[in-house]
1. Counting other Cβ atoms within 10 Å, keep those with at most 10, restrict to DSSP loop, and tell me which trypsin sites (Lys or Arg not before Pro) in the stretch 255-314 are left.
2. Label the stretch 203-260 by shape, choosing from rounded, prolate and oblate, from the square roots a ≥ b ≥ c of the eigenvalues of the Cα gyration tensor; if a/c is under 1.5 it is rounded, and otherwise prolate applies when a/b is larger than b/c, oblate when it is not.
3. So, in nm, how far is label Ala82 from label Ser175 when the simple model puts each one 7 Å beyond its Cα toward the Cβ?
4. Length gain on complete extension for the stretch Thr36 to Asn242, per 0.36 nm per residue less the alpha carbon to alpha carbon distance?
5. How would you rank Ile181, Ile70, going from fewest to most other Cβ atoms within 10 Å of each one's own Cβ?
6. For Thr232, Thr196, which order do you get if you count the other beta carbons within 10 Å of each Cβ and list the fewest first?
7. Between Phe104 and Asp273, what is the label-to-label distance in nm when each label sits 7 Å out along the Cα-to-Cβ direction?
8. Please find, in a Gaussian network model of the chain (springs between Cα atoms separated by less than 10 Å), the residue of Ala178, Ala115, Ala43 whose mean-square fluctuation is greatest.
Amino acid sequence: MFRLPFLKGSAGAPCLGLDIGTTSIKIAEVAFGGKTPRIVNYALLESRGSLARANTALQTSTLKLFDEEIRGFLRSLIAKMAPKARRVVASIPPFSAFTTVLSFPEMSPTDLEKAIAFQASQYIPLPISEVALDWSKVGSYEDDKGFKHIQILLTSVPHEHIRKYRSIVEAAGLSLQAIEIESMSLVRMLVGGDPTPTVIVDVGARSTSISIVEGGTLRFVSQTDFAGFSLTQALATSLNINPVRAEELKRERGVAGTGPNYELSTIMLPFLDGIISEVKRTDFSYHSQFPNAPKFERIILSGGGANLLGIQKYFQDQMGVPVVKAAPFVKFEYDRTIEPLVPELNPLMSVALGLAMRQK
């Protein structure tokens, strides 16, 4: 049995959180020592070429990682950042990992580990020897005969992906200390110990991940291919314009359009409805497995798609619960000269900041 790599070294040392998305790379350098952690540096690179050519995405849901291109981008970012920290915690998107919830009769930790290893081989679509496994207890229940059961969130990542990430990070002169799925970083950064039942919707460029959090613990994960690029492509096709111009229009007008901008909203809304439908489906699946779980009380929007004008109100109107945009910067000290950029950076840097906070 393998476990995903955990942090090594001394706690409290400066650390880099590295979030390699499908069309962008985000890095956050966080230092500890004072009462509040401090963002000492950050970097953000977006590949606009991927808008016009889908096959230039840095990562795809077919699990192909574009090693050489990412190496070049990362080396360039690190050269410009010149960070003091060399230790890296990196994220893996949900589509590069396999997650599922398994139920077991209550048993000792030793027996549970053996049972998980056996069950994992029946669910994971790759040989166990080719993946790293991690798991956490996410629930318990008593069946109709009075027997107690525990529920485990199982996560597996191909060893090939871990080797590629290590190679990419080392090529930039850094040291990979840990890897985790993005959802774990988002929960740490955006929810923490808050017990409020929450759904985190991370709208990326090529995929959207949906994480259900209860009691500050990640309990369920799903993803959909409806994402930011879906809206861009809809505009490009409907208006017969190139995707780069469509992306500009999307960012300028959003989905809150009235008057002459109303048509743009109607073009994009069916794809936004696709994301909302997936949130509802995920909630249904979750409560099918956890029938006693409370209903979620809020939605947190993260990722680049959270900056779409009007998305927060539209989600709230459709879902009937409070919807807020991710705001991780409130938990840090940072150079106030970047204050005008913070509203836009908040959802973009959530994963990277959550990664950097892993060792706190």
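Throughout, read-outs are computed from the coordinates displayed, never taken from laboratory work. Here the structure is a predicted model, which means the values were calculated and not measured. Neighbour counts run over all protein chains shown; Cβ positions are idealised from the backbone, glycine included.
1. Of the trypsin sites (Lys or Arg not before Pro), the ones in loops of the stretch 255-314 whose Cβ has at most 10 other Cβ atoms within 10 Å are Lys295.
2. prolate
3. 2.2
4. Full-extension gain reported as 69.7 nm.
5. Ile70, Ile181
6. Thr196, Thr232
7. My value for the distance between the label points is 4.4 nm.
8. So, out of Ala178, Ala115, Ala43, the one fluctuating most is Ala115.
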